[in-house]
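Notes to accompany the following structure.
The values are calculated or read from the model by the stated rules, or taken from the named source; none is laboratory data. Owing to the predicted nature of the structure, the values given are computational and were not obtained by experimental measurement. With ideal geometry, Cβ positions are generated from the backbone for all residues, glycine too; neighbour counts draw on all protein chains shown. Accessible surface areas use protein heavy atoms only, side chains included; no ligands, DNA or RNA. Shrake-Rupley method; radii C 1.70, N 1.55, O 1.52, S 1.80 Å.
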Amino acid sequence: MSLDRRAFIKGAIATSAVAILPVKWVFAGNMPLGMASLDISSLTWSKAEDLPDYFTVLNTKPLNAYPAEHMLDKAVTPGDVAFIRWNGQMPDFKAMDLKTWTFKVDGESVKTPKTYTLDELKQRFKHHTRRLVLECGGNSRVNFFPGTKGNQWNNAAVYCSEWTGVLVRDVLYDCGIKEDAVYTGHHGIDKHLSGHGEAISRGVPIDAALSDDALIAWSMNGEDIPYMHGYPLRIVFGGRPASVSQKCAVGISVRNKLHDGHKMAAPAYQVPKYPVAPGEKVDNKDFEIIEQMIVKSLITFPESGTEMKLGKKTVLRGHAWAGLREVIKVEVSYDYGTRWHVVELEKPKNATAWQQWQTELDLPEQGYYEIWARATDSEGDTQPVVQPQWNPKGYMFNGCHRIAVRVV
């Protein structure tokens, strides 16, 4: 779709959104001529038909969709371009009553089980705002060879938005944690596609739940969390597989054992304990849980397929992230990895936020080029050029991101 048509549609959506606002549009007459109103319709998208056509819908039951990679260009990802990943039925959002919404802390290893209303969470605990990377464990799965089963995500099943809420640890400490606590279990309101049981209930090691990068959030980018991203309350962990960031959250269990919720058992969100050959079968007992994501980078500008003018410098930029680590270097190549060029790299806004990088390109002659990017983390791990260790479920692909451009 052309940018002009997209802009027209976005304007139309914005106008439509304003038209259905339940209250009078105050000061509408003061809006400068030609300025479009902010599009808030994405806050209440609740089905595949609501999504703009810049999303690729992988399936509708459950709903999974991703945007084009270049649409993730902003440092803080807007909710209307973040990838969408559900594991079961979509909840009936309009039937939710925030006045009666509760969040329960229980489990074998909590001293005093407690239940909080949304207002109690907001009033009793200190608020925190953090940029946190949420990346699907299967991000970039489409790049594995041989291919693996599962949603064929491109490289855009990742985003970094700004979340506001309370620290998970503040709430857990309010209830008290027994010394035998080892893991958490997260619970949401969404049901399995069969209508029976939870759609997903994963968890993290107790130390992760007590870190600075774990929130019980009610706001994404300063607004209510969009329906598609877990309204009205989401448990959010930066740097870990996004499957542990429970949407429509209603509670946390503090466990004295590895959590046994749905999609905790192998091979879901797990990789082999040892290197295997591409295509090799692995027994379930030989898998281990993915506890954190790994170093990776993305080129978000220019868009792949762009034409550049010979002799005119062009900005190249993107993001890099490394799970719980920091990225210390990003390099790019335009000659298939023969030479690598170090680019400018910003520090993260906070731990587990992605980092912005950029440089200027002055490609030497007319013709076709591939531009590659690779990042190195604080432990010295660098993205592989081709593909990482193959695994049966196609998790954690972090090969170099590539775009194609032509110089004319």
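When only Cα pairs below 8 angstrom with a gap of at least 6 residues are kept, segment 210-312 shows a relative contact order of 18 percent. Need the C-alpha centroid separation for segment 151-206 versus segment 69-127, integer Å. When both Cα centres are located, 9 Å separates them. Computed over protein heavy atoms with a 1.4 Å probe, the carbon and sulfur contribution to the accessible area of segment 85-213 reaches 48%. Taking the charge dipole of the chain about its Cα centre, with +1 at Lys and Arg Cβ atoms and -1 at Asp and Glu Cβ atoms, the residue from Cys248, Ser211, Asn155 reaching farthest to the positive side is Cys248. Take the Cβ-Cβ distance between Asn350 and Thr100 as r, set R0 to 30 Å, and report the resulting FRET efficiency rounded to the nearest 0.05. Calculated transfer efficiency: 0.35. Based on C-alpha pairs under 8 angstrom that are at least 6 apart in sequence, the chain has a relative contact order of 16 percent. Highest GNM mean-square fluctuation among His341, His196, His186, for the chain modelled with Cα contacts below 10 Å: His196.
Compared with the alpha-carbon gap, the fully stretched path from Asp224 to His127 is longer by 33.4 nm at 0.36 nm per residue. Distance between the C-alpha centres of segment 333-408 and segment 245-323: 16 Å, rounded to the whole angstrom.
In this label model, Ala75 and Glu370 are separated by 3.2 nm, measuring between points 7 Å along each Cα→Cβ vector.
Across segment 174-181, coupling constants 3J(HN,Hα) worked out from phi with the 6.51/-1.76/1.60 Karplus curve, θ = phi - 60°, read 5, 8, x, 10, 6, 5, 8, 5 Hz, and Gly and Pro carry x. Spin-label model, Asp119/Lys285: points 7 Å from Cα along the beta carbon direction are separated by 5.5 nm. Relative protection proxy for 213-223, 91-101, from highest mean packing down: 213-223, 91-101 (other beta-carbon atoms within 10 angstrom).
Only lysines eight or more places from Lys281 in sequence, or on another chain, were considered; those with a Cα closer than 26 Å are Lys149, Lys263, Lys273, Lys393.
Here the simple spin-label model places points 7 Å from the Cα toward Cβ, and for Asp174 and Tyr274 these points are separated by 4.8 nm. When you restrict to C-alpha pairs under 8 Å that are six or more residues apart and normalise by the size of segment 299-408, the relative contact order lands at 34 percent.
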